[in-house]
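Have a look at the structure below before the remarks.
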Amino acid sequence: MKKALVLIIFLAIGIYESRACDICGCGVGSYYIGILPDFKKRFVGLRYQYKTLRTHLGPGGTTSYLTTDETYQTAELWGGWNIGKRFRVLGFVPVNFNERSNQGIRNSKQGIGDIAVVGYYQLLDKQQTILNSKLLVQSLWIGGGIKLPSGKYEQEERKENEETPNSFQLGTASTDFTLNAMYDIRLMDFGVNANVSYKLNTANKYDYRYGNKFTANVLAYYKIRIAEKVTVAPNAGVLYETAAKDQEDKKFPVDVSGGYSLLATTGVEITWNSFSIGGNFQPPVSQKMADMRVKAGNRGMVHLTYLF
C-alpha cells in the first residue's frame with residue numbers, strides 16, 4: 001500500500017511541476033474517466049457530456065456586446081477490454097456538437113472528434129482482511145495513451161477569432177500523448193477512487209500547439225446492494241484541471257488560453273445484470289482561465305454501458 005501511495009504522489013508532483021490544451025474542460029481534448037463501471041472482461045457504451053463556456057469577459061468578469069456563450073456537447077462511444085489479469089485498454093470515439101451565441105446570432109458545427117486509446121498495466125492488486133475480518137481491496141493501474149488527429153481543425157476559425165480561445169474546434173489536428181494512473185481503495189462497500197492524467201500536446205501542421213494539461217479527480221463512493229443483481233453507488237468528490245498557455249508559431253504564447261478550474265462532482269452509478277447506467281453533475285468551485293477573460297459553467301455527464 002505504501003509503495004502505491006508513494007508512486008501516485010510522485011507521479012502527481014512530477015506532472016504538476018512540468019506545468020500543466022485548450023481552455024480547461026471545454027472544446028477539444030478533454031477525456032474525463034471518473035469511476036469505471038465494474039467489469040471483468042469487456043464493456044462498451046455511450047456517454048453524453050455537456051459543458052458551457054463564456055468568453056470575451058472584461059475586468060472582474062463584466063459582460064459586453066462582445067461576450068459570447070459557447071456550448072459543447074459530446075456523444076461518445078467508449079469501451080474497455082481487460083487482457084488477462086494485468087492489462088487494460090480503453091478507447092474513446094467522440095462526436096462533437098459545438099454552438100456559439102452572441103447577440104442572438106448562433107453558429108454551430110458538428111462532426112467526429114479526436115479518437116483516443118489508453119493502455120494500462122495493473123501494478124497493484126491486493127486483498128486483505130483488517131478490523132475484525134473487514135475486506136480491504138486495493139488496485140493501481142498505470143499507463144499511457146495516444147490521441148489521433150481525426151477531428152476537423154479549421155485554421156480560418158483561428159485567424160478570424162484571434163481574441164477568442166481556440167476551443168471552438170472539432171479536433172486539434174495534432175497527435176498527442178497521455179500519461180495516466182488510476183488508484184482505487186475500498187473497505188467493504190465504501191471506497192475512494194483517484195485518477196491523474198497528463199496530456200502532452202504536439203504542434204499541428206499550422207504550428208499551433210495547445211498547452212499541456214494536468215487533470216486529477218478524487219471520488220468517494222458507497223455501494224448499496226439491492227436484492228442480488230442491482231448495485232447503486234452514489235459518489236462525490238472534486239475534479240481539478242490546469243493547462244499551460246497555447247503556443248503559436250511554436251514559440252509565441254497565446255494570451256487567451258491556459259488556466260485552472262476546480263469543480264465539485266456528485267453522481268451515481270447503477271449496475272444491473274450486464275448493464276450499467278450512471279451520471280454526474282460538476283459545478284465549478286474556483287477557476288481562473290485565460291487571465292479571467294473566460295468563465296466555465298456547469299458540466300454534466302450520463303452514460304449507458306453494456307458489460308460482457
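Given points 7 Å out from each Cα along the Cα-Cβ axis, report the Gln155 to Ser133 separation in nanometres with one decimal.
Each label point lies 7 Å from its Cα, and together they span 7.0 nm.
What aspartates and glutamates does Lys245 reach when the alpha-carbon gap must be under 19 Å and sequence neighbours fewer than 8 apart in one chain are set aside?
Leaving aside aspartates and glutamates fewer than 8 places away in the same chain, those within reach of Lys245 are Glu17, Asp22, Glu157, Glu162, Glu163, Asp176, Asp207, Asp255, Asp291.
So what are the radius of gyration and Dmax for the Cα set of segment 82-166, in Å?
21.9, 66
Can you pull out the trypsin sites (Lys or Arg not before Pro) in segment 182-219 that DSSP calls coil and that have at most 16 other Cβ atoms within 10 Å?
Filter output for segment 182-219: Lys205.
Dipole of segment 2-307 (Lys/Arg Cβ +1, Asp/Glu Cβ -1, origin at the Cα centre): which of Ile33, Ser257, Ile226 lies farthest to the positive side?
Result: Ile226.
Please arrange Asp291, Asp69, Asp246, Asp184 by how many other C-beta atoms lie within 10 Å of their C-beta, fewest to most.
Asp291, Asp69, Asp184, Asp246
Could you tell me which residue out of Thr175, Gln103, Asn161 lies farthest along the dipole of the chain toward its positive end? Charges go on the beta carbon: Lys and Arg +1, Asp and Glu -1, centred on the Cα centre.
Result: Thr175, furthest along the dipole toward the positive end.
For semi-axes √(5λ) of the Cα gyration tensor in Å, one of (i) 67, 17, 15; (ii) 27, 25, 20; (iii) 35, 20, 19 was computed from the structure I shared and the rest are decoys. Which label?
Recomputing semi-axes √(5λ) of the Cα gyration tensor in Å here picks out (iii).
In segment 247-300, which trypsin sites (Lys or Arg not before Pro) are in a loop and have at most 14 other Cβ atoms within 10 Å, using DSSP for the loop call?
Within segment 247-300, the qualifying trypsin sites (Lys or Arg not before Pro) (loop, at most 14 other Cβ atoms within 10 Å) are Lys250, Lys251.
How much length is gained on full extension from Ala227 to Val93, taking 0.36 nm per residue of separation minus their Cα-Cα distance?
Extra length available between Ala227 and Val93 comes to 44.7 nm.
With a cut-off of at most 13 other beta carbons within 10 Å, and DSSP calling the residue loop, which GluC sites (Glu not before Pro) in segment 209-304 qualify? Please list them.
Glu228
Taking the Cα centre as origin and putting +1 on Lys and Arg beta-carbons and -1 on Asp and Glu beta-carbons, what dipole magnitude results for segment 110-222, to the nearest 20 debye?
Charge dipole of segment 110-222: 460 debye, to the nearest 20.
Taking 0.36 nm per residue of separation and subtracting the Cα-Cα distance, what length does fully extending Glu162 through Ala203 add?
Contour length minus the Cα-Cα distance gives 13.0 nm.
Counting Lys and Arg as +1 and Asp and Glu as -1, each charge on the Cβ, what is the dipole of the chain about the Cα centre in debye, to the nearest 20?
Dipole of the chain, to the nearest 20 debye: 1120 debye.
Modelled label-to-label distance, Phe281 and Lys126, 7 Å Cα→beta-carbon offset: nm?
Computed distance between label sites Phe281 and Lys126 equals 3.8 nm.
Every read-out reported here was derived from the displayed coordinates using simple, explicitly stated rules and does not represent laboratory data. Source: prediction; values computed, not measured. Using ideal geometry, Cβ is built from the backbone for each residue, glycine included, and neighbour counts are taken over all protein chains shown.
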